[in-house]
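What follows is a set of notes on a single structure, which appears directly below.
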Amino acid sequence: EVQLVESGGGLVQAGGSLRLSCATSGFTFNDYAIAWFRQAPGKEREGVSSINLSTGTTYYGKSAKGRFTISSDNAKRTVYLQMNSLEPEDTAVYYCAAAVITRPLKASLWKDDYWGQGTQVTVSS
């Protein structure tokens, strides 16, 4: 069974940093792409970043470019999202998702794929 578990969220001040982790199990790691999405109260789910675990190719949503970095540790079957220069607008529940191909960063295209439970990120001003 595919399982994704997010961790690393918390409360930080604006300008601070967090590193989120997505620990995975139940699938052939290198055959998949992993993406990070986020959802703030009252807002649609937004694509943040993705990585193709076979090629290492990465993608970033507009809000993440220049501030966030996605990476993987294949031995640990874990994908990370390093978030720097955090802003209050980054406050959201952050989810990771897994798909057999790299899809565009649109939540609707990932809706039938595997998702974790999410981790809360709160950025204070």
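The values are calculated or read from the model by the stated rules, or taken from the named source; none is laboratory data. Computed from a prediction, not measured in an experiment: that's the story for all the values here. Glycine gets a Cβ as well: all are built from the backbone with ideal geometry, and neighbour counts include every protein chain shown. Ligands, DNA and RNA are stripped out before the accessible areas are found, and what is left, the full protein with its side chains, is counted by its heavy atoms. Shrake-Rupley method; radii C 1.70, N 1.55, O 1.52, S 1.80 Å.
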### Message
Through the Karplus equation 6.51 cos²θ - 1.76 cosθ + 1.60, θ set to phi - 60°, convert the phi angles of segment 13-18 into ³J(HN,Hα) values in whole Hz; use x for Gly and Pro.
### Response
7, 3, x, x, 9, 9
#### Entry: Under 17 Å from LYS111, Cα to Cα: aspartates and glutamates that are on another chain or at least 8 residues apart
GLU44, GLU46
### Task
First select every other residue whose beta carbon is under 14 angstrom from the beta carbon of ALA98; then total the charges, Lys and Arg +1, Asp and Glu -1.
-2
### Summary
One point scatterer per Cα, no solvent, Debye formula: log10 I(q)/I(0) for the chain at q = 0.12, 0.19, 0.20 Å⁻¹ comes out as -0.38, -0.97, -1.08
### Summary
Taking Cα pairs closer than 8 Å and at least 6 residues apart, the relative contact order of the chain in percent is 36 percent
### Task
Return the single residue from SER25, SER108, SER50 with maximal mean-square fluctuation; model: Gaussian network over the chain, springs between Cα atoms under 10 Å.
SER108
### Task
Could you do me a favour and compute the accessible area per residue for the chain, 1.4 Å probe, result in Å²?
52 Å²
## Note on the structure
Asserting the computed 222 nm helical MRE of the chain (DSSP H runs at least 4 long, -39500 (n - 2.57) per run, divided by residue count, to nearest 500) equals -500 deg cm²/dmol
### Query
Can you list the lysines whose alpha carbon sits under 20 Å from that of LYS106, skipping same-chain ones fewer than 8 residues off?
LYS43, LYS62, LYS65
#### Entry: Share of carbon and sulfur in the accessible heavy-atom surface of the chain [1.4 Å probe, %]
47 percent
### Message
In the chain, if the dipole is taken from +1 on Lys/Arg beta carbons and -1 on Asp/Glu beta carbons about the Cα centre, which of GLY56, SER17, GLY66 is farthest to the positive end?
### Response
GLY66
### Message
Could you tell me the extents of segment 42-89's C-alpha atoms along the three principal axes, largest first, rounded to whole Å?
### Response
35, 21, 18
#### Entry: For segment 1-59, radius of gyration divided by Kirkwood radius, i.e. Rg to Rh on alpha-carbons
1.01
